[in-house]
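*Asks:* Here it is, the structure, as structure tokens.
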Amino acid sequence: MPNGPGCAPPQYDANVPDDEPPRPAAEPEAVPGPASRAEPEAVPGPASRAEPEAVPGPPSRAEAEAAAGPPLPGERFWHEALAVVLQVRRDNLHVLLWQRAEPPFAGRWALPGGPLAADERLGTSLSRHLAAKVDLTDIGYLEQLETRSDPARDPRGRVLGTAYLALVCADVEPRMPADTAWHRVDDLPPTAFDHGSIAGSGRNRLRAKLSYTNIAFALAPGTFTIAQLREIYAASLGYPVSATNLHRVLTRRDVIEPTTGAARPTSLGGRPATRYRFTARDLVITHPFAAFRPPPPLAGSGSR
């Protein structure tokens, strides 16, 4: 939702109202003839100073909607662009949220985004809001996620919400205002509207695409070790991943390739780890039938 209580501009035009019935033609004014000399008008004496009448202000959005009643088919309503911004931080997948200061849902956390202007595309609108409100311009990957159209998703009135999945590299640290923070996507605080559910949809989309595309390029730095890449996959998928199996699968599919560089030696000694990079920095379907699956439960561990 947009930062603040303001409303997004209408995205859909209302029906053209019926034409008003023609007004009856006015009667021609009578032309006065010559008249006798009129008596002088009486000049009123001084009167007491009248109190100025109070000028009513414009109605609030809630008052206007209550007076208008429920929206009818074809009436105008609002459209917003939202972002599920995901990043791996401290070995966990995080989503970017901001805390609302105004009702409805004051104090709850919401996805960043804002109203769609009448002359811009959804993706352009979202990029503008992220750059202006969160100073986030370095997005590694962006795709449209879903559109929510439940008439009751916003208590203030009908609002369409189109969400995007945005992935940020692990080594990017955007500047954020005080009311914005990263939260673990699997442990969200109380959220506003349906934003918690939308964040879950973004997480699930990412996890599915990790199985058959190279989408992790948008989460990983330019070069990395296999151990670092394993941490990114494990944090995104939500379960442990074998570094050996990950290396074998991704190199066999030509998703990653070694570089001439090597990681810095550790205090434990040994040969420095090879650094890798993704062979492509845009989305590629690498295996349409592959899937990463959670490890099987340990023997003897029963369901709770």
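*Asks:* Of everything in region 146-198 that's over 14 Å from residue 88 (Cβ atoms) and of a type in the set (Phe, Trp, Tyr), which residue is farthest from the chain's Cα centre (by Cα)?
*Replies:* So in region 146-198, the residues over 14 Å from residue 88 (Cβ atoms) come out as 146-165, 174-181, 187-198.
Cutting the leftovers down to of a type in the set (Phe, Trp, Tyr) gives us 164, 193.
Details: 164: 7, 193: 12 Å.
Only one residue fits best here, namely 193.
*Asks:* Taking region 138-174 as the search range and keeping residues that are in a strand (DSSP E or B) and polar (S, T, N, Q), which one is nearest to residue 114 (Cα to Cα)?
*Replies:* First, pick out the residues of region 138-174 that are in a strand (DSSP E or B): 141-148, 159-167.
With the extra rule that they be polar (S, T, N, Q), the set shrinks to 144, 147, 162.
Values: 144: 15, 147: 14, 162: 10 Å.
Only one residue fits best here, namely 162.
*Asks:* Next up: Suppose the filter is touching a Leu at 6+ places or on another chain (Cβ under 6 Å) and surrounded by 12 or more Cβ atoms within 10 Å (Cβ to Cβ); does residue 226 pass it?
*Replies:* Details: touching a Leu at 6+ places or on another chain (Cβ under 6 Å): no; surrounded by 12 or more Cβ atoms within 10 Å (Cβ to Cβ): yes.
Criteria not met by residue 226.
Yes/no matrix, rows are residues, columns are (1) in contact (Cβ under 8 Å) with a residue 12 or more places away in the chain; (2) more than 18 Å from residue 95 (Cβ to Cβ):
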residue	(1), (2)
221	yes, yes
230	yes, yes
236	yes, no
248	no, yes
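*Asks:* Turning to a different aspect of this structure: Restricting the search to region 175-188, which residues are part of a loop (DSSP other than H, G, I, E, B) and either without any contact (Cβ under 8 Å) to a residue 12 or more places away in the chain or within 19 Å of residue 142 (Cβ to Cβ) (or both)?
*Replies:* Just the residues of region 175-188 that are part of a loop (DSSP other than H, G, I, E, B), to begin with: 175-179, 185-188.
Those that are part of a loop (DSSP other than H, G, I, E, B) and either without any contact (Cβ under 8 Å) to a residue 12 or more places away in the chain or within 19 Å of residue 142 (Cβ to Cβ) (or both): 176, 178, 185, 187.
*Asks:* Starting from region 131-150, keep only residues that are closer than 28 Å to residue 77 by Cβ and without any contact (Cβ under 8 Å) to a residue 24 or more places away in the chain, then list their pairs with residues that are of a type in the set (Val, Ile, Thr) and surrounded by fewer than 18 Cβ atoms within 10 Å (Cβ to Cβ) whose Cβ atoms are within a distance under 8 Å, requiring at least 6 positions of separation or different chains.
*Replies:* Short answer, once both residue conditions are applied: 131/137.
*Asks:* Only residues that are part of a helix (DSSP H, G or I) and either over 21 Å from residue 186 (Cβ atoms) or among the acidic types (Asp, Glu) (or both): list them for region 207-227, please.
*Replies:* Going residue by residue through region 207-227, those that are part of a helix (DSSP H, G or I) are 207-212, 215-218, 226-227.
Listed by number, the residues that qualify are 212, 217, 226, 227.
*Asks:* If you don't mind, another one. So which residues in region 235-246 are surrounded by 16 or more Cβ atoms within 10 Å (Cβ to Cβ), part of a helix (DSSP H, G or I) and either touching a helix residue (DSSP H, G or I) at 6+ places or on another chain (Cβ under 9 Å) or on the phi > 0 side of the Ramachandran plot (or both)? Write out each step before concluding.
*Replies:* Of region 235-246, the ones surrounded by 16 or more Cβ atoms within 10 Å (Cβ to Cβ) are 235-237, 241, 243, 246.
Within this subset, residues satisfying the condition of being part of a helix (DSSP H, G or I) are 235-237, 243, 246.
Correct list: 236, 237, 243, 246.
*Asks:* Right, something else. Looking at region 254-280, which of the residues that are modelled with pLDDT of 95 or more and outside any strand (DSSP E or B) is surrounded by the most Cβ atoms within 10 Å (Cβ to Cβ)?
*Replies:* So the residue we want is 255.
*Asks:* A further question follows. Limited to region 115-130, what total is found for residues that are surrounded by 13 or more Cβ atoms within 10 Å (Cβ to Cβ), in contact (Cβ under 8 Å) with a residue 60 or more places away in the chain and either at positive phi or in a loop (DSSP other than H, G, I, E, B) (or both)?
*Replies:* Qualifying residue count for the region: 2.
*Asks:* Of everything in region 189-201, what is touching a residue at least 60 places away in the same chain (Cβ under 8 Å), out of contact with any Asp or Glu (no Cβ under 9 Å at 6 or more places or on another chain) and surrounded by 19 or more Cβ atoms within 10 Å (Cβ to Cβ)? Give them in sequence order.
*Replies:* Taking region 189-201 and keeping what is touching a residue at least 60 places away in the same chain (Cβ under 8 Å), we get 189-193, 195, 198-199, 201.
From the residues that got through so far, the ones that are out of contact with any Asp or Glu (no Cβ under 9 Å at 6 or more places or on another chain) too are 189-192, 195, 199.
Passing the criteria: 191, 192, 195, 199.
*Asks:* Considering region 292-304 alone, what residues qualify as being within 19 Å of residue 237 (Cα to Cα), surrounded by fewer than 10 Cβ atoms within 10 Å (Cβ to Cβ) and at pLDDT below 70?
*Replies:* Result: 293, single match.
*Asks:* Also, quick follow-up: Residue 75 versus (1) modelled with pLDDT under 95; (2) buried (at least 17 other Cβ atoms within 10 Å of the Cβ): which is the lone unmet condition?
*Replies:* Here residue 75 meets the rest and fails (2).
The values are calculated or read from the model by the stated rules, or taken from the named source; none is laboratory data. Computed from a predicted model, the values in this text were never measured in an experiment. For neighbour counting, all protein chains shown are included, and Cβ atoms are generated from backbone atoms with ideal geometry for every residue, glycine included.
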